[in-house]
Amino acid sequence: MKRTLILFTMLFFVFITACTNEKEKEKTNDEPSSSENQPVEKETAVSPLTGNAATGNIDSRPIAVMINNHPKARPQSGLNKADIVYEALAEGTITRFLAIYQSEKPKIIGPVRSAREYFVDLSKGYEAIYISHGWSPTAKEMLESEHLDYLNGLFYDGTLFWRDSTRKAPHNSYISFENVVKGAKENGYSMTKEVAPLPFLSDEEISGISGEEMLEAVVSYGSKPEWRIKYVFDQQLGRYKRYSGDELTVDRETEEPVLLDNIFIVQTDHRFLDDYGRRTIDLNSGGEGILLQKGMMKRVDWKNVNGRILPYENEEQVKLVPGHTWINIVPDLDKAFQNSAEKGE
C-alpha cells in the first residue's frame, strides 16, 4: 500500500512539472524578446544630388536639359524642379542654363535651346542624357564623336518636342519628362544609373556655417538689367530666391519661385571661337569661387572632380546644404559679383 502511494505521488509530481514547463514554454513563445521590442530604424534613402530624402528611385538616371534664358523665354518651365543648374554665357551677354534633373521629374521643361560643348562636358559629370534643340559645330562633333546619349529637337520637332504657339521661335521648344523616357527607349538609352552622391552637411554642421553675412548678392553678366541676377536670402524659408533684374524667377505653369540652398559663383577662362560670339570655357583648371549658404558668404576655390564643379577650402571639399544648387560660371569674379548692401540696395 505504501509503495503504491509513493509511486502515485511521484507520477503526480512528474505530471505537474511537465505541465508547468509547457506553460512556461508557451508563455516564452507568445511574448517577444526584449530585443524584438526595440524599434528597428529604417535607413532613409537619400537623393544623391540634393541630399534630401528620396521620393523616387535613387538610381534614376539624370537628364541634363539646355534651357533658354533669353528675356523672351522667361518665365521658364521646370527650373524649380532641377537638382542643379549651371548658368553660363552662350553668346554676347546672353546666358543659358543646363538644368540637371534626378530627384524630380517635371512634366514640362523648357524652352529648350541649342547645345554648347562646355555644357555637354558638364552633363558628362553626371552621365546624363543630354537634351537640346540644335547645337553648335563643336557641340555636334563632341556628341557624335564620343557617342554620347542625347536627344536633339532638330530630329524630333513635333514628336518628342513641341512648339508653344504663344511664343516665337527659337523661344518656344518644349519637352516633357515622359517624352524623354520615350526617346530614351527608342534609342536604347538606359534610364537607370548608379549616381555618385555629392557631399552634404548634417544638421549640426549647417548650424556651424561660417563666413561673412550676406543676405543679398548680385551676379552680373552685362550692364543691362536683364543680365543682372540678384539672390536674396529669405530668412523665414531659409533659402534663396533668384531674380533676373527685378523679376522673380518662377515656374511658368505653377508660378512657384525657384528656391535655392547653395549658390556657387566660379571664375573660369572664357575665349571667343567665332564672330557670332560663341565661346569656349575652361572648366578644368580650377580657380577662385564664392559660395553662398544660409545667408553667409565664403570665398573658396573650385575644382573639377570627375566632371563636376565643386567648392574647396584649404584643399578640402566643402560640403553642400541639402537642397538645390545653382552654379554661375563667370569670366571675371571681381567684376561679376557684388554685395547688394555695398551697392546701397
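The table below lists the values:
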{"quantity": "Subset of region 34-52 (residues that are within 19 Å of the chain's Cα centre (by Cα), surrounded by fewer than 21 Cβ atoms within 10 Å (Cβ to Cβ) and either modelled with pLDDT of 95 or more or β-branched (Val, Ile, Thr) (or both))", "calculated": "Thr44, Val46, Asn52"}
{"quantity": "Top-ranked residue in region 78-105 [being closer than 22 Å to Asp251 by Cβ and open to solvent by 10 Å² or more (accessible area, probe 1.4 Å); ranked as farthest from the chain's Cα centre (by Cα)]", "calculated": "Ile94"}
{"quantity": "Residue within region 117-127 that is open to solvent by 10 Å² or more (accessible area, probe 1.4 Å) and among the hydrophobic types (A, V, I, L, M, F, W, C) present", "calculated": "no"}
{"quantity": "Test: Gly134 is farther than 22 Å from Glu253 by Cβ, modelled with pLDDT under 95 and either crowded, with 18+ Cβ neighbours inside 10 Å or among the small types (Gly, Ala, Ser) (or both)", "calculated": "no"}
{"quantity": "Verdict on Gly188 being surrounded by fewer than 13 Cβ atoms within 10 Å (Cβ to Cβ) and at positive phi", "calculated": "yes"}
{"quantity": "Residues being of a type in the set (S, T, N, Q), in a strand (DSSP E or B) and crowded, with 21+ Cβ neighbours inside 10 Å - total across region 55-77", "calculated": "2"}
{"quantity": "Residue in region 203-217 that is over 14 Å from Met296 (Cβ atoms), among the hydrophobic types (A, V, I, L, M, F, W, C) and in contact with a Lys or Arg (Cβ under 8 Å, 6 or more places away or on another chain) present", "calculated": "no"}
{"quantity": "Residues that are more than 22 Å from Ile100 (Cα to Cα) and touching a residue at least 40 places away in the same chain (Cβ under 8 Å), drawn from region 298-328", "calculated": "Lys298"}
{"quantity": "Single condition Gly183 does not satisfy, out of (1) among the small types (Gly, Ala, Ser); (2) surrounded by 15 or more Cβ atoms within 10 Å (Cβ to Cβ); (3) part of a loop (DSSP other than H, G, I, E, B)", "calculated": "(3)"}
{"quantity": "Test: residue in region 278-289 that is under 19 Å from Val85 (Cβ atoms) and without any contact (Cβ under 8 Å) to a residue 60 or more places away in the chain", "calculated": "yes"}
{"quantity": "Region 137-166, residues that are among the hydroxyl-bearing types (Ser, Thr, Tyr) and more than 23 Å from Leu273 (Cα to Cα)", "calculated": "Tyr150, Tyr156, Thr159, Ser165, Thr166"}
{"quantity": "Odd one out for Glu288 among (1) on the phi < 0 side of the Ramachandran plot; (2) out of contact with any Leu (no Cβ under 6 Å at 6 or more places or on another chain)", "calculated": "(2)"}
{"quantity": "Matching residues, region 130-179, being part of a loop (DSSP other than H, G, I, E, B), free of Cβ contacts under 8 Å to residues at least 60 places away in the same chain and touching a Phe, Trp or Tyr at 6+ places or on another chain (Cβ under 7 Å)", "calculated": "Leu148, Asp149, Asp164"}
{"quantity": "Among (1) in contact with a Ser or Thr (Cβ under 7 Å, 6 or more places away or on another chain); (2) open to solvent by less than 30 Å² (accessible area, probe 1.4 Å); (3) closer than 28 Å to Pro197 by Cβ; (4) not polar (S, T, N, Q), the one test that Asp282 misses", "calculated": "(2)"}
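One line per residue, one yes/no per condition, for (1) over 30 Å from Ala54 (Cα atoms); (2) surrounded by fewer than 22 Cβ atoms within 10 Å (Cβ to Cβ):
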residue: Val250; (1), (2): no, yes
residue: Thr254; (1), (2): no, yes
residue: Phe272; (1), (2): yes, yes
residue: Gly289; (1), (2): no, no
residue: Asp301; (1), (2): no, yes
residue: Lys319; (1), (2): no, yes
residue: Ala336; (1), (2): yes, yes
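The values are calculated or read from the model by the stated rules, or taken from the named source; none is laboratory data. Because the structure is a prediction, the values reported are computed rather than measured. For neighbour counting, all protein chains shown are included, and Cβ atoms are generated from backbone atoms with ideal geometry for every residue, glycine included. Calculation scope for accessible area: heavy atoms of the full protein, side chains included, ligands and nucleic acids excluded. Shrake-Rupley method; radii C 1.70, N 1.55, O 1.52, S 1.80 Å.
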